[in-house]
1. Measure out, as a whole number of angstrom, how far apart the alpha-carbon centroids of segment 691-736 and segment 1-64 sit.
2. What is the chain's relative contact order, in percent, from Cα pairs under 8 angstrom and six or more apart in sequence?
3. For Y254, what accessible surface area do you get with a 1.4 Å probe? Give it in Å², rounded to 10.
4. Which value at 222 nm does the chain reach when only helices count, each DSSP H run of 4 or more adding -39,500 (n - 2.57), with the total divided by all residues and rounded to the nearest 500 deg cm²/dmol?
5. Please work out, to two decimal places, the log10 of the ratio I(q)/I(0) at q = 0.04, 0.05 Å⁻¹ from a Debye calculation in which every Cα of the chain carries one identical scatterer.
6. Over the alpha carbons of segment 174-245, what is the largest minus smallest coordinate on each principal axis, giving the biggest first in Å?
7. With the crude spin-label approximation of a point 7 Å out along Cα→Cβ, what separation in nm comes out for D81 versus N310?
8. Based on the Cβ-Cβ distance of R581 and V465, what FRET efficiency does E = 1/(1 + (r/R0)^6) give at R0 = 60 Å, to the nearest 0.05?
Amino acid sequence: MSMLYGHLDRLRDRTSGRFAQTLRQSGGTPQAWTERDVNAAMYSERLAQLDAAENGLCFGRLDFHDSQVRYIGRLGIRDEDDDYEPLLLDWRAPAARPFYLATAVSPEGVRRRRHIKTRRREVIRLDDEVLDLTEVSGGGLTEGLTGEAALLAALNASRTGQMSDIVETIQVEQDWIIRSPHKGMLVVQGGPGTGKTAVALHRAAYLLYTFREQLARRVVLVIGPNPTFLRYVGQVLPSLGETSVLMSTIADLYPGISARRAEPVGLAQLKGRLDMVDVLVAAVRDRQGSVGLEVMFERDLLKLDRRTCNRIRDRVRRSRLPHNQARPLAQRLLIDALARVVADRIGKDVLGGGNLLGPEDLAAIREELRDSREVRDALDRFWPALTPVRLVGDLFASRAALARAASMLSEAERDALLRQRGGGWTAADVPLLDEAAELLGEDDRVTRARAQRERRRRIAYARGVLDLAYGSRSVDWNSDEDAEILSAYDLVDAERLADRYEEDDFRSPVERAAADRTWTYGHIVVDEAQELSPMAWRMLLRRCPTKSMTVVGDVAQASDLGGGGTSWQEVLAPHVGDRWRQERLTINYRTPAEIAEVAADVLAEIDPDLHPPRPVRETGMWPWRWEADSAGEMKMALGRLASLESARVGSGRVAVIVPESRLEELAQAVADAVPDVAGAEDPELDRPVVVLDVRQAKGLEFDAVIVADPARIIEDSGHGLNDLYVALTRATQRLGVVYNGELPKMLHRLSPLEFAEAR
């Protein structure tokens, strides 16, 4: 192990030296500057990978029958002093795969597999698996699990508030999904505790390793259900040395929009329906001129009747350009029509019946019309420049606009959408803004004109610098000798000098992707995908036209916020048809068998045809229930029991999961009894005790969980049983339920907690 860390240190020092040397480079050609920036980014990324591999550098060893030995780790290391012999295999390399797949039945040439546990640079534990049946005695083989001792040690370890990678304990069914081909949409269906999230993140790391050049440049996007979840999983990919990843929620995916306002679940569902596409299309068309136009021009009132305006509008629409990109065409046609009105007034040949004005006269009239402020205002009324924020904001602020654009919705639904301006945006608004941006397009004429003006300014400045420093090129040479003297103009002209000092974009691909709504990603990972609305799916698929996606979730955990589908076929068919494939995770690594039995009863109530994942361990601790005599006693008991569970798990984490409608009330009750508790709209998970509603708890895990008022959890939502199932499956060790009144019948397996225990 010391040899490997010695090579790691030398590799880090060598890379740091090259990085520093690259940064010291100055001067040279533009190509040299570009090469310097590329090399600096490469060395910086490599240093990040080396730093990430420091903890748990080597975690495995394979001993083969032919005496070959392979060490497996977080990254690959070669001996640069000995023909680049591999010293450590990256866990994603094909040669490392037997570490995850080899079994006694199919050993793939492996005699022994060793799991190595380290703390910093010290080996603290070794677990050996002998895969040669001739060397095994006493039935020491386990069925179905790879590295059982190391796996169970990881599963029983205390939670820290952040997800750890599973690179040391990847199981066979997980490995097949992680290394699945990089083509199309892969759906991973798995119940609670099957490692869906970890598998998806490790698959992202594997794809970045295998298709580095393609995906590092285009970035991998990871979508999570909420910011708390993203913080929880945020260290997994950096710990694997991967930085070309953007992590976001749907609410944060539109640059410049902060969608933090809460709204009723029913309204969020309405905004997530595909009907909203038709509503937005109609809202855009409603802003395109369809009535007669009157405009003052040089003290004359120019009129275009409704028929003329409709003809212009229809011709522009036939161009099939987005609204803003079609605006120049609409303006040109409208000015042509107004110019004909002016020409008919001032150039009409009374005697001959024709028009005395020629093409040059008409061109002059059109130019005067373009310069008229009144005409420009009329053009804006006829075909206004729209932003997504303006379009959606105006629509939701006007009952009349909603009546015109949303006639396919009921009056009650239109009333629900109506709101005042300036109230902020919600997560469900973001896909609508994105859809509006696609419909409107962007007229980049102003941006291009500004860029051209800036370039002309830089060229003029550069020309002035050259003139001051070296004299004008227009000097008359007095002799042949003077004419042979080179000036700065012979080496570089003003245009090239201006380009040299143009500001470069030094942002990383991840930073550029985060700021660009139209960025297309190399791969997208969607966690808790059953929660996405149809409009959110449209938004994501625009960002990945190749549909290279890893979609993970569990339809049994779908809440009211989702699209309402009861199967992945129902969820995905409107967007991708049958162009997707599905894999299943069937083993529950998180939830002990005792808790899994209780949760299975709830799953059977949701759908008797659903099968829970198989748990791999028992803890000997049966889930308990505590019945309070009143609502007040329930709140006091909840605080006491949270404090008790926190003491029992020691350095671990305790979650109190409550109905969304009682979050503030019960969070205060726990805070009164526990001095260090987290509970808010966006809670941190670094506290010993955290209070969450079910939506916030999705995808997370804790050592102990207390579920409060399960009957209210069921009542709060149309998918209440699904929410209860989520709440019951967050614990890795201990589960309790506190209630007042009637206990839901599917929780009959819970064991009563004695009063003395609660004290």
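The values are calculated or read from the model by the stated rules, or taken from the named source; none is laboratory data. No experiment lies behind these values; they were computed from the predicted model shown. No Cβ is skipped: glycine too gets one built from the backbone with ideal geometry, and neighbour counts run over all protein chains shown. Areas reflect the complete protein model, heavy atoms only, side chains present, ligands, DNA and RNA absent. Shrake-Rupley method; radii C 1.70, N 1.55, O 1.52, S 1.80 Å.
1. Comparing the Cα centres of segment 691-736 and segment 1-64, I get a distance of 44 Å.
2. Here the relative contact order equals 15 percent.
3. It works out to around 30 Å².
4. -13500 deg cm²/dmol
5. -0.25, -0.38
6. Projected onto its principal axes, the Cα set of segment 174-245 covers 34, 25, 19 Å.
7. Roughly 8.7 nm, to one decimal.
8. The computed FRET efficiency comes out at 0.45.
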